1. So, in the stretch 101-115, how many residues would count as being of a type outside the set (A, V, I, L, M), open to solvent by less than 40 Å² (accessible area, probe 1.4 Å) and assigned to a helix (DSSP H, G or I)?
2. If we keep just the residues of the stretch 137-148 that are open to solvent by less than 50 Å² (accessible area, probe 1.4 Å) and in a helix (DSSP H, G or I), which is nearest to Val92 (Cα to Cα)?
3. State the number of residues belonging to the stretch 149-162 that are touching a residue at least 40 places away in the same chain (Cβ under 8 Å) and open to solvent by 40 Å² or more (accessible area, probe 1.4 Å).
4. Restricted to the stretch 1-10, and to residues that are in a helix (DSSP H, G or I) and out of contact with any helix residue (DSSP H, G or I) (no Cβ under 9 Å at 6 or more places or on another chain), which residue is surrounded by the most Cβ atoms within 10 Å (Cβ to Cβ)?
5. Let me confirm something: among Ala160, Ala111, which residue is among the aliphatic types (A, V, I, L, M), modelled with pLDDT of 95 or more and out of contact with any Gly (no Cβ under 9 Å at 6 or more places or on another chain)?
6. Out of His51, His95, His132, which single residue is modelled with pLDDT of 95 or more, touching a helix residue (DSSP H, G or I) at 6+ places or on another chain (Cβ under 7 Å) and not aromatic (Phe, Trp, Tyr)?
7. Which numbered condition trips up Thr134, out of (1) among the β-branched types (Val, Ile, Thr); (2) over 24 Å from Glu39 (Cβ atoms); (3) buried (at least 19 other Cβ atoms within 10 Å of the Cβ)?
8. Within the stretch 15-100, which helices (runs of 4 or more DSSP H) (wholly inside it) include 1 or more residues that are open to solvent by less than 40 Å² (accessible area, probe 1.4 Å) and touching a residue at least 60 places away in the same chain (Cβ under 8 Å)?
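The values are calculated or read from the model by the stated rules, or taken from the named source; none is laboratory data. Just so you know, these numbers come straight off a predicted model, no measurement behind them. Positions of Cβ are generated from backbone atoms using ideal geometry, with glycine treated the same way; all protein chains shown enter the neighbour counts. Side chains are part of the model used for accessible areas, which takes the heavy atoms of the whole protein and leaves out ligands, DNA and RNA. Shrake-Rupley method; radii C 1.70, N 1.55, O 1.52, S 1.80 Å.
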Amino acid sequence: MCLNRKDLGLLALRGAVGGVLIAHGAQKLFGWFGGGGLEGTTKAMDQMGFHPARESAVAAGLGEAGGGALVVAGLATPAAGAVVAGTMATAVAVHAPAGFFAMSGGYEYPALLGATGLAIGLAGPGRYSLDHLTGHVFDRPWTGVLAFLASAAGAYGVLARRRHAVRLREERAAVEADEQEGSGLS
């Protein structure tokens with residue numbers, strides 16, 4: 001068996017990106033690597049307007065850690081890429097108000113991870129993968145289409161619910177400010 005450069009490149013890319021995603025998910029779920037764990041992530045999700053916050057924290061952690069693990073293994077690659085892309089699309093939306101560059105809190109980093117997940121999901125895992133070993137049972141073109149449609153719909157639904165929650169919070173804050181101003185306590 002001769003080593004194939006393209007397949008080695010895909011293996012290296014899957015390992016790097018999947019490893020980063022696993023680490024980020026472990027921060028959210030378990031508090032590893034300086035993360036907030038499920039409790040801290042739940043509080044952060046609540047502050048960002050994701051409701052229900054705990055379920056959102058679990059979904060984000062599993063999307064990153066689970067999607068990353070599947071990417072590393074090269075298993076169910078279209079679904080893994082879709083999970084990563086959808087999870088990162090939500091992160092991009094959260095970071096978008098800060099602009100593009102990560103140095104200012106922008107969406108550069110989650111966008112890169114999401115685009116890479118998308119590309120791996122579309123390109124396939126290569127020869128050095130569990131998908132290849134299993135005869136691509138979980139790596140069919142139709143699974144990719146369904147996975148990406150489901151991921152896009154899920155990300156849209158989560159973000160629509162978040163926008164609604166943030167809008168309600170802003171309206172409540174405006175009403176409270178008006179009431180406080182009207183009571184002479186300003």
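1. Narrowing the stretch 101-115 to residues of a type outside the set (A, V, I, L, M): 101, 104-110, 114.
Cutting the leftovers down to open to solvent by less than 40 Å² (accessible area, probe 1.4 Å) gives us 105-106, 110, 114.
Then drop every residue that is not assigned to a helix (DSSP H, G or I), which leaves 110, 114.
So the count comes out to 2.
2. Applying the first criterion (open to solvent by less than 50 Å² (accessible area, probe 1.4 Å)) to the stretch 137-148 yields 139, 143-144, 147-148.
From what is left, the residues that are in a helix (DSSP H, G or I) are 143-144, 147-148.
Working: Thr143: 25, Gly144: 22, Ala147: 19, Phe148: 17 Å.
Top of the filtered list is Phe148.
3. Keep residues of the stretch 149-162 that are touching a residue at least 40 places away in the same chain (Cβ under 8 Å), which gives 150-152, 154-155, 158-159, 161-162.
Filter once more, so that each one left must be open to solvent by 40 Å² or more (accessible area, probe 1.4 Å): 150, 152, 158, 161-162.
Matching residues across the stretch 149-162 total 5.
4. The first filter runs over the stretch 1-10 and keeps only residues in a helix (DSSP H, G or I), leaving 5-10.
Filter once more, keeping what is out of contact with any helix residue (DSSP H, G or I) (no Cβ under 9 Å at 6 or more places or on another chain): 5-6, 8-9.
Working: Arg5: 7, Lys6: 10, Leu8: 13, Gly9: 11.
Looking at residues that are in a helix (DSSP H, G or I) and out of contact with any helix residue (DSSP H, G or I) (no Cβ under 9 Å at 6 or more places or on another chain), I get Leu8.
5. On the way: Ala160 fails: modelled with pLDDT of 95 or more.
Exactly one of Ala160, Ala111 is among the aliphatic types (A, V, I, L, M), modelled with pLDDT of 95 or more and out of contact with any Gly (no Cβ under 9 Å at 6 or more places or on another chain), namely Ala111.
6. On the way: His51 fails: modelled with pLDDT of 95 or more; His132 fails: touching a helix residue (DSSP H, G or I) at 6+ places or on another chain (Cβ under 7 Å).
From the options His51, His95, His132, the qualifying one is His95.
7. (3)
8. Numbers: elements: 37-48, 53-73, 77-95.
The qualifying helices (runs of 4 or more DSSP H) are 53-73, 77-95.
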